[in-house]
Amino acid sequence: MNNSNELPYTKVVLVKYGEIALRGNNRSAFENRLCGAINKSLGGTSYSVTKEQGRILIQKKEIDDELDYDYVVKRVKLVMGIVGICPAIKTENQDIEHLRELALLYIKQIAPKGEFSFKVESKRSDKRYPIKSNEVSALIGEHIFESMENASVRMKNPDILLKLELRTDAYMYIDTIKGVGGLPYGSTGRGMLLLSGGIDSPVAGFMAAKRGVLINCAYFHSPPYTSERAFIKVQDLAKRLSDFTGGLTFYKVNFTDVQLFLYENVLHKRLTILLKRAMLIISERLAKREYCDCLITGDSLGQVASQTLAAIRAQSSAATLPIIRPLAGMDKIEIINLAEQIETYEISIRPYEDCCTIFVDKHPETQPKQDIIESIERQLWDKGLSDLIDAAVVGAERILV
Ligand code: ATP
Ligand code: MG
């Protein structure tokens, strides 16, 4: 309760969600998940996050503890499944006279000089409220207009659009800040993201997370050929992704021995494809440990030699889990734009060496044949590849970020 004003109200944030409202029977489970994600994003335990008839309500648990709009908006903006965030005030008293006074006080705080055009929009979710929405808006608008000399009413594009929602309690707000949208995190299943330090894979992870996939990451490094700095960079990318997901599991896989073995045993033009297959095989084993339903990569069709359809086909049979490639149809500029928006771009462009680029041939095969690649892999399997892959899986370090 804010006692500094003569009229009592509480600062709260109302959250609007889109798509999940459409999902019939699952609706309640989705809403609960979304509440959980919001709670996590806010950290600490001083907030209460509850369902409020088609909205989610964030308020402070302690009645005297004032909510900081900026902090809540900054955190909640990153939560998957949210379309709008409204810093609002709440009052339990829905008496029309009280609402008129409160609206006036609220608008005076925002525009004390009163030189603005405005409109009031009301919504009743409980139709038992005795006055129709339009009349509520008119009664409130009239009071503001009569009390503030320089305020004018404008129906189209007003400076201030005051929204009133009559739910279990009454809420007023002016601004709606855009959220990231998508489905609540973790609501569609679990995935293992092959996360390199490049631009693409973090964006692929974000897109899968946005469709509700809970993300785990696998990162392949080849010490001493790749540095600790390269690892820190990937860890920073994972941390940034975890701002959207509220934490994630990260596997650091030592790939040196597999890589040296393949380097010594296959034609170099085939190295990239066999390395990718080894990564997929290891990732799948880690994925099963984490009960994942899919693997996720940052492949974009035709971007580089390893991403022709023939190459993708020759890689894919290494895994039995489906491989989701959210960037398949995007070009580099679109990917970079998104990387900038989610603030992974700055991290991705830090200079570093990737385990793949170190041994890689200048002219990799662009039209590899799946059966030939598979037969080469089979021949190497018992000659050491199988053991090296087992060792990489066993030695993988599990880190929580
Ligand atoms: P990115 O920008 O994501 O590194 P890229 O354009 O460099 O992608 P590739 O090197 O062909 O393309 O890699 C394709 C995908 O393979 C990556 O998006 C990633 O999912 C996976 N990958 C490549 N290298 C690694 C690695 N060192 N660790 C984990 N995954 C990797
Ligand atoms: Mg790369």
Descending packing, highest mean Cβ count within 10 Å first, for 342-349, 374-381, 86-93 is 86-93, 342-349, 374-381
For the table 40/156; 61/156; 77/132; 11/119, the rows whose alpha-carbon distance is greater than 29 Å are 40/156; 61/156; 77/132
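May I ask you to give the solvent-accessible area per residue for the chain, in square angstrom, as obtained with a 1.4 angstrom probe?
Heavy-atom SASA per residue in the chain reads 47 Å².
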In units of 2.2 N^0.38 Å, the Cα radius of gyration of the stretch 132-185 is 1.47
Note to self: C-alpha centroids of the stretch 207-285 and the stretch 375-389 sit apart, in Å, by 20
Restricted to the stretch 10-178, the DSSP antiparallel beta bridge percent, nearest 5, is 75
Computed over the chain: longest principal axis from alpha-carbon atoms vs helix 200-210 long axis, angle to nearest 10 degrees, is 50
hull vol. (C-alpha, convex hull) per residue for the stretch 257-341, Å³ -> 120
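What are the equivalent ellipsoid semi-axes of the stretch 274-401, built from the alpha-carbon gyration tensor (square roots of five times its eigenvalues), in whole angstrom, biggest first?
Values: eigenvalues 128, 80, 46 Å².
Largest first, the stretch 274-401 gives 25, 20, 15 Å.
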Once the in-chain neighbours fewer than 8 apart are removed, the lysines whose Cα is under 20 Å from residue 288 read 252, 276
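Pop out the carbon and sulfur fraction of the accessible area of the stretch 276-342 as a percent, whole number, probe 1.4 Å.
On the way: 1660 of 2870 Å².
The nonpolar share, carbon plus sulfur, comes to 58 percent.
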So for the stretch 158-201, using the alpha carbon gyration tensor with a ≥ b ≥ c as root eigenvalues (a/c under 1.5 gives rounded; past that, a/b versus b/c decides prolate or oblate), I'd call it oblate
Taking every DSSP bridge whose two residues both lie in the chain, the antiparallel percent to the nearest 5 is 55
Rounded to the nearest 10, the angle in degrees between the Cα long axis of helix 256-265 and the longest principal axis of the Cα atoms of the chain comes to 40
About its Cα centre, the stretch 189-400 carries a charge dipole, from +1 on Lys and Arg Cβ atoms and -1 on Asp and Glu Cβ atoms, whose size in debye to the nearest 20 is 260
Mean Cβ-within-10 Å packing, highest first, puts peptides 110-121, 320-331 in the order 320-331, 110-121
Rounded to the nearest 10, the angle in degrees between the Cα long axis of helix 332-341 and the longest principal axis of the Cα atoms of the chain comes to 50
At q = 0.07 Å⁻¹, the log10 of I(q)/I(0) for the chain from a Debye sum over equal Cα scatterers comes to -0.45
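Just the C-alpha atoms of the stretch 10-178: what Rg/Rh do they give, with Rh taken as the Kirkwood radius?
Reported Rg/Rh, Kirkwood definition of Rh: 0.98.
The values are calculated or read from the model by the stated rules, or taken from the named source; none is laboratory data. Because the structure is a prediction, the values reported are computed rather than measured. Quick reminder, even Gly has a Cβ in these numbers, built from the backbone with ideal geometry, and neighbours come from all protein chains shown. These area figures cover heavy atoms from the full protein model, side chains too; ligands, DNA and RNA do not enter into them. Shrake-Rupley method; radii C 1.70, N 1.55, O 1.52, S 1.80 Å.
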